1. Set the Förster distance to 35 Å, then compute FRET efficiency between residue 86 and residue 405 from the Cβ-Cβ distance, nearest 0.05.
2. Projecting each Cα onto the charge dipole of the chain (Lys/Arg +1, Asp/Glu -1 at the beta carbon, about the Cα centre), which of 25, 47, 389 comes out farthest on the positive side?
3. Give me the percent of accessible area attributable to carbon and sulfur for the chain, probe 1.4 angstrom.
4. Taking every pair of alpha-carbon atoms in region 297-442, give the share separated by more than 20 Å as a whole percent.
5. Restricting everything to alpha-carbon atoms, can you work out Rg to Rh for region 94-211 with a Kirkwood hydrodynamic radius?
6. If R₀ is 51 angstrom, what is the calculated FRET efficiency for the pair residue 464 and residue 132, using the beta carbon separation as r and rounding to 0.05?
7. Over every pair of different alpha-carbon atoms in region 307-354, take the mean of 1/r and invert it; report that Kirkwood radius in Å.
8. Find the Cα radius of gyration of the chain, compare it with 2.2 N^0.38 Å by division, and give the number to two decimals.
Amino acid sequence: MSYDLVVIGTGPGGYVCAIRAAQLGLKTAVVEKRAAHGGTCLNVGCIPSKALLHASEAFEEAGKHFADMGVMVGAPELDLAKMMTFKQDGVDGNTKGVEFLLKKNGIDAYRGTARLAGAGRVEVLSEDGGNQLLETKNVVIATGSDVTKLPGVTIDETIVVSSTGALTLEKVPGKLLIIGAGVIGLELGSVWRRLGSEVTVVEYLDRILPGMDGEVGKQFQRILGKQGMQFKLSSKVTGVTVKDGAATVTVEPAAGGEAETLQADVVLVAIGRVPYTEGLGLETVGVGLDNKGRIETDSHYATNVTGIYAIGDVIAGPMLAHKAEDEGVAVAELLAGQSGHVNYGVIPNVVYTYPEVASVGKTEEELKKDGIAYNSGKFPFTANGRAKVNHTTDGFVKILADATTDRVLGVHIVGADAGNLIAEVAVAMEFGASAEDVARTCHAHPTLTEAVKEAALAVGKRAIHI
């Protein structure tokens, strides 16, 4: 078969790229090694974790907060197997939706492992040992990422688990130890804490959520601490021993010192992800990698080999599904002769805990490092009418604006529904808005969005409700 484009991988970047290419008239095929489309995100990442976050929030709300609102239901009982079915139903609905969209757009889908077999050729190896050779003018590699392994620690997905195993536990761990205080560890830790686990997070750095705004990290850690999550910062795990269905974890100070041992029923390794390029045959065709194992591309997502492109987690930049999606659209449009583009300065990042954490643009630490003068406006949800009446007052909105031009440079939110609130300022930043523009935009009352407006007003030291 001969195509204009073959996309390897049908995660958010891959399937979106294929659909946009088909819309633009390119004869397109995709290759997927999983039984279901959607990649890590839809199958064992973003989507199933959000289902469990939602379900566990409802469980905790019923057990701890319904009575405060006069809703008397008694102590809730957990049916974990049914909760997992709820999760899987959501996963199946999403993956089948992708399959439908591929068919709707006339995209040929091949099942199997793809390998670059030379210029303009992709070999598809199926599980039964068969293979097909696809000829194509262009290839987009969108194979995503894999779990980062911790040296000396074996992941068995039963006692020592990755994020994949943490989504399918058959019982609630009495004690859950999480290695890594990033997004994945905190989200999954939140799920199991609500369902009854005693959760301890071990982090090598001296803070949680590395890379996010420092003030956000500090306040969020206090919030999670009040919820019952325990933290051991500036600490490193040097060994995990599994015996009799439990784990013994050796922890030392990151700077060196006396070790201690912690007991856990389950250990979650959540120290990040690495590009997945294994078996692609990159060396066969000479595709270059950087020192982090990522595929090197130019500003148009082209590799050093003509006709081969890459997007998403396998290239530089944040490992986020929506970043991959935008790159998928951009490269499809470039291949069709249009001007695809991604603004990397306006890519939101969200932690879907409760409360949520969301950010877009520069942090205060980055602005200081770059020597950029800025003004900061902050507004707490304790002063927001909707948050007060809903008893969701944890957190704040912080807006950072250029001291000279007032252009919004970064926004950081800790609070209920932060993942949706960040969209407003992302749009504003995309159009080069100033803090004054946001402040003078009428926001509906009573809503949490008013906290965004008040933070913008606070940049000019004229917030109304504080």
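1. Details: r = 48 Å, r/R0 = 1.38.
With a Förster radius of 35 Å, E is 0.15.
2. 389
3. Working: 10910 of 21430 Å².
Of all accessible area on the chain, carbon and sulfur atoms account for 51 percent.
4. On the way: 5934 of 10585 pairs.
Counting every Cα pair in region 297-442, those more than 20 Å apart make up 56 percent.
5. Working: Rg = 20.1 Å, Rh = 18.1 Å.
Dividing the radius of gyration by the Kirkwood radius yields 1.11.
6. Details: r = 65 Å, r/R0 = 1.27.
Efficiency, from the Cβ-Cβ distance: 0.20.
7. Values: mean 1/r = 0.0851 Å⁻¹.
The Cα-based Kirkwood calculation yields 11.7 Å.
8. On the way: Rg = 23.5 Å, N = 466, 2.2 N^0.38 = 22.7 Å.
My calculation over the Cα atoms of the chain gives 1.03.
The values are calculated or read from the model by the stated rules, or taken from the named source; none is laboratory data. The model shown is predicted, which means the values in this text are computed figures rather than measured ones. In this analysis, Cβ positions are derived from the backbone assuming ideal geometry, glycine residues included, and neighbour counts consider all displayed protein chains. SASA here: full protein model, heavy atoms, side chains in, ligands and nucleic acids out. Shrake-Rupley method; radii C 1.70, N 1.55, O 1.52, S 1.80 Å.
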